[in-house]
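The values are calculated or read from the model by the stated rules, or taken from the named source; none is laboratory data. What you are looking at is a predicted structure, and each value in this text was computed from that prediction instead of being measured. Here the Cβ is made from the backbone with ideal geometry for all residues, glycine too, and neighbour counts use every protein chain on show.
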């Protein structure tokens, strides 16, 4: 080959002074994160220690912790959280093992069903279980009376009870433990177990000395997550515990916003939740940090499934039987309620009706406004939230600015803020009038009553997960891929556009969908922050509960599920998954 | 084409200097190899040249242009360089041909020229048949050749290579060493090659810079660093020499285990501790005879011998307890435990400066 003419190369411009943008960039995003994260929390702290006229006091805490009215919810919350943590562990860990490591038939089906219970909003599950197990009208109790001939006031189940609350929360929390355990087991190379067998260990010895210890961190982490979920959940206890006549911390905080509002007490009650969440998250990362057995490097074969022998089918039967509780029965009840004239009666051909659908979409005046709000917020949050998380994740992963660690910390911090606590914080931050703190007058910034305050809430709540998703997507794109483009003459922006962006596309789409879906089903912050003009779907469903419109609730709930399923399905059709697949093979 | 000059280049990360006052001139069209163990600063030096990081002190000059200094650094895209990465860094969403064409497209060439040049370079790299494949569909060696083609097709002023062969298996690595040398001879691009493998450095480089602890320990032709190491580090790192220690008797002789050994390399200071490097195959091993051994001969006891096929690997322990490693002819077998003489050729005993 002959030498090619060098003159065809474009000679670049002479030395250009490098513009150091890192200062302004850092300042901008740090300011954004402070508004999203620090501000609401700061207001909670200020209000918790304030009297009505702005003085400093600890009276709010005395009122909270000295009063049985507040002590009982605190104890109830802890009982619920501990019970849910244990139940989830007992159910989900064996199930995760069966799916990841055994030759049980229908493993994919079980995984899919667990995902289905994962995507079910807990408050919708709670409503469905009301339809099933309310003492009088519950379908299961009706069936029981029909079968056993028991008296009309007799009931088998009462969902309006502490046990009922624990049961329903567990139904929609166990997937967290399941996913963590199954993923951990998926990642343990089969060779590690084979090595144990080669040294003469029997199956159960290998399980006891290799598999279980390696899974233990994931199980512990899962229990903590379940505990946190149960502790900070608002929807299910609001639906089931209040009719039963007791409160949890979240419902108590919510009740403090009912007329007449007592934001100081709400702030004081929110702080313990916040502190406990932070402590438990620290504990979780300490557990995972010490005992993470991530296996690095090397090529490992797929693990050999453990043979269950005669237990294969019974194991599947047990799994499917368990899935009756979070998936089959509740969905059946919702469909029944949606298409029946009388939601509390089992549907027959003669009672099949589209009355509820018609009522929801054409008679219920709020439906369309609420749908508009929900879509607007979900699309906006998805777009803004993805962009925000993308830029922060990029700056942190590539260490592009000084102080990037702080950005990462701020972006992860909201994970420790329960939705209801954030709701309280935002309410306090954007509702108040002029306030004087330490002699400085702070002007009011009133966003309460607008969609903006909900947007801020959603952005904050979804930031940690989307930041982490995109962070790992960016980690998967080797920095040398960008550098290869730079050295061949592409500017940083061009390298981002032509190399990094296409490789991140599927991660970005996934994150957008994730935020969209999460926003559509979010209740606990919205229930504090909505006004009649800014109602969203989840709040509408919650409100209709008050008026007892179970048919409309079922229709709206099923529609919510249909929307979220459709969005996820559409996202999977978008090209770019291909590029991602190839990148992951590199 | 241009020479590349590093002047007092220093890069500190916090308190530690990854690159410590490195000065080096790479002549136009030369291939310089930065050779050293991991953590010696060779990759940092390369990334400084590429412009991915800025120096703490010193500067980098290409031709007459200062491209890096603590005050200002030309961004990588304006340096007219190419780089071959350890991971190859092929873009997984582009085919082999698209990867190769990328740099040309950035230079704004028209489609016909791009196509022609891509075709030509793919032929040189023996990749024509694989042009339409994605990187995930290529083997390691093929990916490596695409990466070479992508770097060379833009005809860079300077070509940087960061351990380009470290992800290949042994056979392929040897083949690609000669491939890189062949392409360099053809294009005569000024090139910097980073590696920890001395055989790789020997085959590819015009000049080798042995690096240790962020500094250049020795700079010279492959023959220089191999035959005339200046320091214990270089002697051990290149070609696995024995380093024997003793006290200088006069300007040429060192007492090793009580035996005066004549050396070459530099004038000695009598009375000073001196290290002498002797290569494994430059020691003549013989069973111990009766009487006094001839001059320049050390006594020892064979501790271990292993048949390696083309040679026999011996470890002999001297009277002072130090061990000497010897590559002896394969047919020469001395039973472990028996006494042996080790004759050292004075011409092959290099007194080390450091």
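Which condition number does residue B:117 fail, the rest of (1) over 23 Å from residue B:205 (Cβ atoms); (2) more than 9 Å from chain A (Cβ to nearest Cβ) being met?
The one condition residue B:117 does not meet is (2).
Tally up the residues in the range A:305-340 that are surrounded by 15 or more Cβ atoms within 10 Å (Cβ to Cβ) and part of a loop (DSSP other than H, G, I, E, B), please.
2
Return yes when residue B:170 is buried (at least 24 other Cβ atoms within 10 Å of the Cβ) and at negative phi and no when it is not.
Working: buried (at least 24 other Cβ atoms within 10 Å of the Cβ): no; at negative phi: yes.
It is false that residue B:170 is buried (at least 24 other Cβ atoms within 10 Å of the Cβ) and at negative phi.
Tally up the residues in the range A:481-536 that are under 30 Å from residue A:232 (Cα atoms), assigned to a helix (DSSP H, G or I) and touching a residue at least 40 places away in the same chain (Cβ under 8 Å), please. Spell out the reasoning first.
Just the residues of the range A:481-536 that are under 30 Å from residue A:232 (Cα atoms), to begin with: A:507-536.
Adding the requirement that they be assigned to a helix (DSSP H, G or I) leaves A:507-521, A:526-529, A:532-534.
Then drop every residue that is not touching a residue at least 40 places away in the same chain (Cβ under 8 Å), which leaves A:507-521, A:526-529, A:533-534.
Here the count works out to 21.
Pick out the one residue from B:161, B:202, B:211 that is in the same structural domain as residue B:141 (by TED's automatic domain parsing) and surrounded by fewer than 22 Cβ atoms within 10 Å (Cβ to Cβ).
Exactly one residue qualifies, and that residue is B:202.
Please count how many residues of the range A:253-300 are touching a strand residue (DSSP E or B) at 6+ places or on another chain (Cβ under 9 Å) and at pLDDT 85 or above. Give the steps one after another, and end with the answer.
Quick first cut of the range A:253-300, residues touching a strand residue (DSSP E or B) at 6+ places or on another chain (Cβ under 9 Å) only: A:264, A:267.
Okay, now just the ones that are also at pLDDT 85 or above, so A:267.
Of the residues in that region, 1 qualify.
Mind checking which strands (runs of 3 or more DSSP E) fall wholly inside the range B:1-110 and carry at least 2 residues that are touching a residue at least 24 places away in the same chain (Cβ under 8 Å) and more than 8 Å from chain A (Cβ to nearest Cβ)?
Values: elements: B:4-13, B:16-26, B:31-35, B:57-62, B:65-68, B:81-84.
The qualifying strands (runs of 3 or more DSSP E) are B:4-13, B:16-26, B:31-35, B:57-62.
Quick one: would you say residue B:132 is in a loop (DSSP other than H, G, I, E, B) and within 11 Å of chain A (Cβ to nearest Cβ)? Full working, then the answer.
Numbers: in a loop (DSSP other than H, G, I, E, B): yes; within 11 Å of chain A (Cβ to nearest Cβ): no.
Here the answer is no, as residue B:132 does not meet what is asked.
Just a yes or no: is a residue in the range B:157-170 in a helix (DSSP H, G or I) and either free of Cβ contacts under 8 Å to residues at least 12 places away in the same chain or touching a helix residue (DSSP H, G or I) at 6+ places or on another chain (Cβ under 9 Å) (or both)?
Taking the range B:157-170 as the starting set, the residues that turn out to be in a helix (DSSP H, G or I) are B:170.
Right, trim to either free of Cβ contacts under 8 Å to residues at least 12 places away in the same chain or touching a helix residue (DSSP H, G or I) at 6+ places or on another chain (Cβ under 9 Å) (or both) and you get B:170.
The answer is yes; a qualifying residue exists.
Let me spell it out: the conditions are (1) touching a helix residue (DSSP H, G or I) at 6+ places or on another chain (Cβ under 8 Å); (2) modelled with pLDDT of 85 or more; (3) surrounded by fewer than 15 Cβ atoms within 10 Å (Cβ to Cβ), and residue A:361 meets all of them except one. Which number is the exception?
So the condition that residue A:361 fails would be (3).
Collect the residues in the range A:483-499 that are surrounded by fewer than 22 Cβ atoms within 10 Å (Cβ to Cβ) and touching a helix residue (DSSP H, G or I) at 6+ places or on another chain (Cβ under 6 Å), keeping them in residue-number order.
A:491
Exactly one condition in (1) more than 23 Å from the chain's Cα centre (by Cα); (2) free of Cβ contacts under 8 Å to residues at least 60 places away in the same chain is false for residue B:179; which is it?
Residue B:179 satisfies all of (1) more than 23 Å from the chain's Cα centre (by Cα); (2) free of Cβ contacts under 8 Å to residues at least 60 places away in the same chain except (1).
Could you please give the count of residues in the range B:135-144 that are surrounded by fewer than 23 Cβ atoms within 10 Å (Cβ to Cβ) and either farther than 22 Å from residue B:38 by Cβ or not assigned by TED's automatic domain parsing to the domain that holds residue B:200 (or both)? Reasoning before the result, please.
In the first step, residues of the range B:135-144 are kept if they are surrounded by fewer than 23 Cβ atoms within 10 Å (Cβ to Cβ); the result is B:136-142.
Those left that are additionally either farther than 22 Å from residue B:38 by Cβ or not assigned by TED's automatic domain parsing to the domain that holds residue B:200 (or both): B:136-139, B:141-142.
Counting residues in the range B:135-144 that are surrounded by fewer than 23 Cβ atoms within 10 Å (Cβ to Cβ) and either farther than 22 Å from residue B:38 by Cβ or not assigned by TED's automatic domain parsing to the domain that holds residue B:200 (or both) gives 6.
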